[in-house]
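Chemist: Here it is, the structure in full.
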Amino acid sequence: MEPRIKKIGSFILLFGLVLFILSLQIKSNLLYTPYILLIIGFSMLAYSAINTREEKSVLCRMGLHKFEMIGWDDEINSRSIYKCKRCRVKKKVFRGV
Ligand SMILES: [Zn+2]
(Lines give C-alpha, C1' and ligand atoms only; values in the text may rest on other atoms or scores of the structure.)
Protein backbone atom coordinates (compact mmCIF):
# COMPACT_ATOMS: atom_id res chain seq x y z
CA MET A 1 0.00 0.00 0.00
CA GLU A 2 2.82 2.40 0.88
CA PRO A 3 4.53 2.47 -2.52
CA ARG A 4 1.17 3.35 -4.07
CA ILE A 5 0.73 6.33 -1.74
CA LYS A 6 4.22 7.47 -2.64
CA LYS A 7 3.46 7.06 -6.35
CA ILE A 8 0.16 8.94 -6.17
CA GLY A 9 1.74 11.60 -3.94
CA SER A 10 4.56 12.28 -6.39
CA PHE A 11 2.08 12.32 -9.27
CA ILE A 12 -0.12 14.91 -7.53
CA LEU A 13 2.99 16.90 -6.65
CA LEU A 14 4.13 16.87 -10.27
CA PHE A 15 0.66 17.79 -11.48
CA GLY A 16 0.50 20.67 -9.04
CA LEU A 17 3.90 21.85 -10.18
CA VAL A 18 2.82 21.81 -13.83
CA LEU A 19 -0.36 23.71 -12.98
CA PHE A 20 1.71 26.19 -10.96
CA ILE A 21 4.04 26.88 -13.90
CA LEU A 22 1.08 27.07 -16.30
CA SER A 23 -0.78 29.51 -14.07
CA LEU A 24 2.29 31.75 -13.98
CA GLN A 25 2.66 31.68 -17.75
CA ILE A 26 -0.90 32.00 -18.97
CA LYS A 27 -2.14 34.04 -16.00
CA SER A 28 -5.30 31.99 -15.81
CA ASN A 29 -7.63 31.97 -12.85
CA LEU A 30 -6.67 28.63 -11.37
CA LEU A 31 -6.55 30.40 -8.01
CA TYR A 32 -5.25 28.12 -5.27
CA THR A 33 -5.58 24.81 -7.14
CA PRO A 34 -1.81 24.37 -7.79
CA TYR A 35 -1.01 25.22 -4.16
CA ILE A 36 -3.61 22.79 -2.85
CA LEU A 37 -2.25 20.04 -5.11
CA LEU A 38 1.31 20.78 -3.98
CA ILE A 39 0.29 20.61 -0.32
CA ILE A 40 -1.63 17.35 -0.82
CA GLY A 41 1.28 15.83 -2.75
CA PHE A 42 3.78 16.86 -0.10
CA SER A 43 1.68 15.51 2.75
CA MET A 44 1.20 12.19 0.98
CA LEU A 45 4.95 11.86 0.43
CA ALA A 46 5.62 12.83 4.06
CA TYR A 47 3.03 10.32 5.25
CA SER A 48 4.60 7.52 3.25
CA ALA A 49 8.08 8.52 4.47
CA ILE A 50 6.99 8.40 8.11
CA ASN A 51 5.31 5.04 7.64
CA THR A 52 8.28 3.37 6.00
CA ARG A 53 10.47 4.68 8.81
CA GLU A 54 8.20 3.04 11.35
CA GLU A 55 8.28 -0.19 9.44
CA LYS A 56 12.03 -0.33 9.52
CA SER A 57 13.87 0.98 12.55
CA VAL A 58 15.95 4.13 12.23
CA LEU A 59 18.98 2.23 13.52
CA CYS A 60 18.54 -0.47 10.88
CA ARG A 61 18.30 2.19 8.18
CA MET A 62 21.70 3.45 9.31
CA GLY A 63 23.07 -0.07 9.15
CA LEU A 64 23.17 -0.65 12.91
CA HIS A 65 21.31 -3.92 13.05
CA LYS A 66 20.65 -5.88 16.18
CA PHE A 67 22.04 -9.23 15.13
CA GLU A 68 21.59 -12.46 17.01
CA MET A 69 22.99 -15.82 16.03
CA ILE A 70 20.38 -18.21 14.68
CA GLY A 71 22.52 -21.10 13.50
CA TRP A 72 25.35 -22.42 11.42
CA ASP A 73 25.69 -22.44 7.68
CA ASP A 74 25.10 -25.83 6.07
CA GLU A 75 27.70 -25.38 3.36
CA ILE A 76 30.60 -24.10 5.40
CA ASN A 77 30.87 -25.21 9.00
CA SER A 78 32.91 -22.28 10.23
CA ARG A 79 30.27 -19.84 9.04
CA SER A 80 27.52 -18.78 11.39
CA ILE A 81 24.25 -17.11 10.42
CA TYR A 82 23.06 -13.99 12.17
CA LYS A 83 19.64 -12.42 11.90
CA CYS A 84 18.55 -8.93 12.87
CA LYS A 85 15.86 -8.90 15.55
CA ARG A 86 14.21 -5.80 14.14
CA CYS A 87 14.18 -6.05 10.34
CA ARG A 88 15.12 -9.74 9.85
CA VAL A 89 18.10 -8.99 7.67
CA LYS A 90 20.47 -11.96 7.58
CA LYS A 91 24.23 -12.04 7.44
CA LYS A 92 26.81 -14.77 7.40
CA VAL A 93 29.98 -14.45 9.39
CA PHE A 94 33.13 -16.52 9.20
CA ARG A 95 34.50 -17.61 12.51
CA GLY A 96 38.13 -18.40 13.00
CA VAL A 97 38.56 -21.69 14.78
ZN1 LIG B 1 18.05 -4.58 11.19
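The values are calculated or read from the model by the stated rules, or taken from the named source; none is laboratory data. Source: prediction; values computed, not measured. With ideal geometry, Cβ positions are generated from the backbone for all residues, glycine too; neighbour counts draw on all protein chains shown.
Chemist: Leu38 fails exactly one of the following numbered conditions: (1) away from the ligand (no atom under 16 Å from the Cβ); (2) surrounded by 13 or more Cβ atoms within 10 Å (Cβ to Cβ); (3) at pLDDT below 85; (4) among the hydrophobic types (A, V, I, L, M, F, W, C). What is the number of that condition?
Modeler: Among (1) away from the ligand (no atom under 16 Å from the Cβ); (2) surrounded by 13 or more Cβ atoms within 10 Å (Cβ to Cβ); (3) at pLDDT below 85; (4) among the hydrophobic types (A, V, I, L, M, F, W, C), the lone unmet condition for Leu38 is (3).
Chemist: Pairs only if they're at least six apart or on different chains, beta carbon under 8 angstrom, first in the stretch 79-90 and closer than 10 Å to Lys66 by Cβ, second more than 7 Å from the ligand (Cβ to nearest atom) and assigned to a loop (DSSP other than H, G, I, E, B); list them, first residue then second.
Modeler: Arg86/Lys56; Cys87/Lys56
Chemist: Still on this structure: Taking Glu68, is it modelled with pLDDT of 90 or more and of a type outside the set (A, V, I, L, M, F, W, C)?
Modeler: On the way: modelled with pLDDT of 90 or more: yes; of a type outside the set (A, V, I, L, M, F, W, C): yes.
When the stated conditions are applied, Glu68 passes them.
Chemist: A further question follows. Suppose we filter the stretch 74-89 for residues that are more than 10 Å from the ligand (Cβ to nearest atom) and either in a strand (DSSP E or B) or surrounded by 14 or more Cβ atoms within 10 Å (Cβ to Cβ) (or both); how many remain? Before you say what the answer is, go through the steps one by one.
Modeler: Going residue by residue through the stretch 74-89, those that are more than 10 Å from the ligand (Cβ to nearest atom) are 74-82.
Next, from what is left, pick out any that are either in a strand (DSSP E or B) or surrounded by 14 or more Cβ atoms within 10 Å (Cβ to Cβ) (or both): 79-82.
Residues flagged as more than 10 Å from the ligand (Cβ to nearest atom) and either in a strand (DSSP E or B) or surrounded by 14 or more Cβ atoms within 10 Å (Cβ to Cβ) (or both) within the stretch 74-89 amount to 4.
Chemist: Condition first: modelled with pLDDT under 80 and either within 16 Å of the ligand (Cβ to nearest atom) or loosely packed, with under 11 Cβ neighbours inside 10 Å (or both). Can you find one or more residues in the stretch 4-16 that meet it?
Modeler: no
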